[in-house]
Amino acid sequence: MNTMLMSGAAAALLAGIILYFKSDKKRQENGEWSSGLEYAYILTAVGVFAALSLFMSFTAVFLIFVVLCGTAWGYINTA
């Protein structure tokens, strides 16, 4: 189980990183980011979440993600 989870985490993380560098980082005409960039962020987050869940409890990893997302959201909305 751990080997398959680590392989999946590594694959998702690698795919996210590759997709990030391959995608267009300019906003489209409708103001949205490119779909490749959005998928890159999601795949990277899934890969990091899965890799961390091998070493920490699910609750601790989820708490880290919630705190990081809340901090980023608060920073963006106050800037």
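Details
- Counting the residues of region 21-40 that are under 26 Å from residue 3 (Cβ atoms) and aromatic (Phe, Trp, Tyr) gives 1.
- Residue among 61, 48, 66 that is in contact with a helix residue (DSSP H, G or I) (Cβ under 8 Å, 6 or more places away or on another chain) and at pLDDT 95 or above: 61
- In region 45-67, residue nearest to residue 4 (Cα to Cα) [restricted to those that are part of a helix (DSSP H, G or I) and of a type in the set (S, T, N, Q)]: 53
- Test for residue 41: is it at pLDDT 90 or above, among the hydroxyl-bearing types (Ser, Thr, Tyr) and surrounded by 11 or more Cβ atoms within 10 Å (Cβ to Cβ): yes
- Considering only residues in region 1-34 that are without any contact (Cβ under 8 Å) to a residue 12 or more places away in the chain and of a type in the set (Ser, Thr, Tyr), the one that is surrounded by the most Cβ atoms within 10 Å (Cβ to Cβ) turns out to be 34.
- Tally, over region 16-35, of residues that are farther than 21 Å from residue 69 by Cβ and in a helix (DSSP H, G or I): 3
The values are calculated or read from the model by the stated rules, or taken from the named source; none is laboratory data. All figures in this text were calculated on a predicted structure; none of them were measured in a lab. All Cβ positions, even for glycine, are placed from backbone atoms using ideal geometry, and neighbour counts span all protein chains on display.
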